[in-house]
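The values are calculated or read from the model by the stated rules, or taken from the named source; none is laboratory data. Keep in mind that this is a model prediction, so the values were computed, not measured. Please note: Cβ atoms are built from the backbone with ideal geometry, for glycine as well, and neighbour counts cover all protein chains shown. The accessibility values were calculated without ligands, DNA or RNA, using every heavy atom of the protein model including side chains. Shrake-Rupley method; radii C 1.70, N 1.55, O 1.52, S 1.80 Å.
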Amino acid sequence: MFEKQIEKAETLVEALPYIKKFRGETIVIKYGGSIMNDDSLKKKFASDIVLLKYVGINPVVVHGGGKEISRWMEKIGKEPSFVDGQRVTDAETMEITEMVLSGKINNEIVTLINSIGGNAVGLSGKDANLFTAKKITGKDQKDLGFVGEIVKTNEGLLNTLQSANYIPVVSSVGQSLEGETLNMNADNVAAGLAIALHAQKLIYLTDIQGISKEGKFLEHITLFDAEELLNHPDIKGGMKPKLSCSVKALQQSVKDVHIINGLIAHAVLLEVFTDYGIGTMISR
Ligand SMILES: Nc1ncnc2c1ncn2[C@@H]1O[C@H](COP(=O)(O)OP(=O)(O)OP(=O)(O)O)[C@@H](O)[C@H]1O
Ligand SMILES: [Mg+2]
């Protein structure tokens, strides 16, 4: 009798040690642009974030939007181009990127979280100088255009929002000290904020089960393994910035990084609250 209900109760109880462990802590979640196609999955993601907040954990959402930027570029007849997984961004591409990331996508995530009972606030790096960026070049000094990386963060803004129970939702568009708008890799922004906030976890939600090497899926690797893996030929495209940002985050203050499949319903809850971790875990 009540088997199904008891099973549900047990699932809730299984979450208890994790709630105790992570209560009051920050978890930075990078929501990949690669998994934004499915409305029902998006809703489940938003409800996971709201639940984290309700049990006293502080989620910070950083989102990408690669596919959507490319879609809008194609609409105006522009061809997207990449160097080592980084988007090459001319002035016009930067304009589209800002409209899509800080406008459309950011707003969509905020609206979704708020429609489920959360209190999300949309931000870009420009808001209260949440992060300041500097221009970077690609491998062999290749010009990437308006592409930057974080040099300074104003994590005080996020602390203030968190303590007033708001959920920050951050786009990866920032500004340089000279006032230029720069496109940042969202993986990099997530890592930068996770470091600044001394986050317990940095979770990359993407469209693949985790890191694979020589055809094998890697369930758990150490920081040392990850450093070794950086130059492995199997680490390509979008996984390159993800892995190097994971390494950077772990070398500083972040406790562990997870690269998980955001195409699994409730991937965030499964990762944070159950005994079976999903995806690739990289720990110090
Ligand atoms: N060794 C590897 N293991 C796993 N995935 C890899 C590997 N090398 C390259 N990849 C690619 O990295 C991709 C994930 O990065 P990608 O940048 O496409 O997604 P995202 O970061 O979630 O989205 P966005 O950049 O829009 O935010 C995977 O779909 C996979 O094709
Ligand atoms: Mg990416």
Tally of residues being within 15 Å of ligand 1 (Cβ to nearest atom), over 20 Å from ILE195 (Cβ atoms) and not aliphatic (A, V, I, L, M) across segment 249-270: 2
If I go through segment 20-73 residue by residue, how many of them are within 16 Å of ligand 1 (Cβ to nearest atom) and among the aliphatic types (A, V, I, L, M)? 10
Need the failing condition index for PHE146 against (1) in contact with an Asp or Glu (Cβ under 7 Å, 6 or more places away or on another chain); (2) free of Cβ contacts under 8 Å to residues at least 12 places away in the same chain, just the number. (2)
Restricting to segment 48-66, and then to whatever is buried (at least 17 other Cβ atoms within 10 Å of the Cβ) and in a helix (DSSP H, G or I), can you tell me which residue is nearest to ligand 2 (Cβ to nearest atom)? GLY66
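Condition check ((1) closer than 18 Å to LYS42 by Cβ; (2) surrounded by 17 or more Cβ atoms within 10 Å (Cβ to Cβ); (3) within 16 Å of ligand 1 (Cβ to nearest atom); (4) at pLDDT 95 or above) across all residues:
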{"residue": "ASN106", "(1), (2), (3), (4)": "yes, yes, yes, yes"}
{"residue": "PHE131", "(1), (2), (3), (4)": "no, yes, no, yes"}
{"residue": "LYS134", "(1), (2), (3), (4)": "no, no, no, yes"}
{"residue": "LEU158", "(1), (2), (3), (4)": "no, yes, no, yes"}
{"residue": "THR181", "(1), (2), (3), (4)": "no, yes, no, yes"}
Is it true that some residue in segment 210-217 is part of a helix (DSSP H, G or I), over 12 Å from the mean Cα position of the chain (by Cα) and closer than 14 Å to VAL257 by Cβ? no
Assess whether GLY174 counts as being open to solvent by less than 30 Å² (accessible area, probe 1.4 Å), among the small types (Gly, Ala, Ser) and within 16 Å of ligand 1 (Cβ to nearest atom). yes
Looking for whichever is modelled with pLDDT of 95 or more, of a type outside the set (Gly, Ala, Ser) and in a loop (DSSP other than H, G, I, E, B) here; the options are ILE235, ILE195, ILE203, ILE260. Which one fits? ILE235
Within segment 136-156, considering residues that are closer than 25 Å to GLY238 by Cα and among the polar types (S, T, N, Q), the one surrounded by the most Cβ atoms within 10 Å (Cβ to Cβ): THR153
Taking the criterion of being assigned to a helix (DSSP H, G or I), polar (S, T, N, Q) and closer than 23 Å to GLU108 by Cα, would at least one residue in segment 139-152 satisfy it? no
Write out, first by first residue and then by second, each pair whose Cβ atoms fall under 6 Å of each other, whose residues are 6+ apart or on separate chains, and whose first residue, in segment 232-259, is within 13 Å of ALA190 (Cα to Cα) and within 12 Å of ligand 2 (Cβ to nearest atom) while the second is open to solvent by less than 60 Å² (accessible area, probe 1.4 Å) and in a helix (DSSP H, G or I). PRO241/ASP187; LYS242/ASP187; CYS245/ASP187; CYS245/ASN188; CYS245/ALA191
Pairs with Cβ under 6 Å, 6+ apart, first in segment 21-36 and over 15 Å from ALA267 (Cβ atoms), second β-branched (Val, Ile, Thr) and part of a loop (DSSP other than H, G, I, E, B): PHE22/ILE57
Considering each of ASP84, ASP127 in turn, give the residue that is in contact (Cβ under 8 Å) with a residue 12 or more places away in the chain, open to solvent by 60 Å² or more (accessible area, probe 1.4 Å) and within 16 Å of ligand 1 (Cβ to nearest atom). ASP84
Reported set for segment 201-216 where residues are out of contact with any strand residue (DSSP E or B) (no Cβ under 6 Å at 6 or more places or on another chain) and more than 8 Å from ligand 1 (Cβ to nearest atom) is GLU214, GLY215, LYS216
